[in-house]
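Input: a single structure, listed below in structure tokens.
The values are calculated or read from the model by the stated rules, or taken from the named source; none is laboratory data. Not measured: the values here are computed from a predicted model. We place every Cβ from the backbone using ideal geometry, glycine too, and count neighbours over all the protein chains shown. Note: areas computed on protein heavy atoms with side chains; ligands, DNA, RNA excluded. Shrake-Rupley method; radii C 1.70, N 1.55, O 1.52, S 1.80 Å.
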Amino acid sequence: MSSTTDTTAVSPAVSPAERTGARTDEAAALIGGARERIDTLDDRIIGLVQERMAVSAVIQEARITSGGRRVNLSRETAVLGHYRDALGKPGTALAMTLLELCRGRV
């Protein structure tokens, strides 16, 4: 006899409203569709970040090969300002994370 228990067979079905935290099935349907859209957007964002990392690696390699430094601080400052201007203070944190992801891939 197995010591593991299949809890999915014992648990009652969870309604869409309970799964989303909504109070009505109509709101749950709207939330479910919006979450699917967010998941799709997140996948696209991840792909774009990966593409940015690859382009950054090309730039860093060219800079290092030509005798320059891996990081260009004035460029990073401009990127930080661009994100801050577009997204406010959280944009700066997002830009810092992107810059960190894109450094040192050469």
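Details
- 1.4 Å probe accessible area per residue over the chain, in Å²: 79 Å²
- Taking L99, L73 and ordering them by how much accessible surface each has at a 1.4 Å probe, largest first, produces L73, L99.
- Charge dipole (debye, nearest 20) of the chain; +1 at Cβ of Lys and Arg, -1 at Cβ of Asp and Glu: 740 debye
- Label-point separation, A62 to D39 (7 Å along Cα→Cβ), nm: 3.9 nm
- Extension gain from A86 to V71, taking 0.36 nm per residue of separation minus the Cα-Cα distance: 3.1 nm
- Cα long-axis angle, helix 25-65 against the chain (0 to 90 degrees, to the nearest 10): 20 degrees
- 0 to 90° range, to nearest 10: angle between helix 73-87 axis and the chain longest Cα axis: 40 degrees
- Positive-pole candidate from A17, L80, L30, dipole of the chain, charges at beta carbon: L80
- Full extension of the chain between A17 and V49 yields a length gain of 8.2 nm, computed as 0.36 nm times the residue separation minus the alpha carbon distance.
- In Å², nearest 10: area of L94 left accessible to a 1.4 Å probe: 80 Å²
- S56 - accessible surface, heavy atoms, 1.4 Å probe, Å² rounded to 10: 20 Å²
- Per atom type, the chain shows carbon and sulfur on 58% of its accessible surface, probed at 1.4 Å.
- Extension gain (nm, one decimal) between T97 and T24, 0.36 nm per residue minus Cα-Cα: 22.5 nm
- D85 - accessible surface, heavy atoms, 1.4 Å probe, Å² rounded to 10: 120 Å²
- Rounded to 10°, Cα long-axis angle of helix 89-102 versus longest principal axis of the chain: 70 degrees
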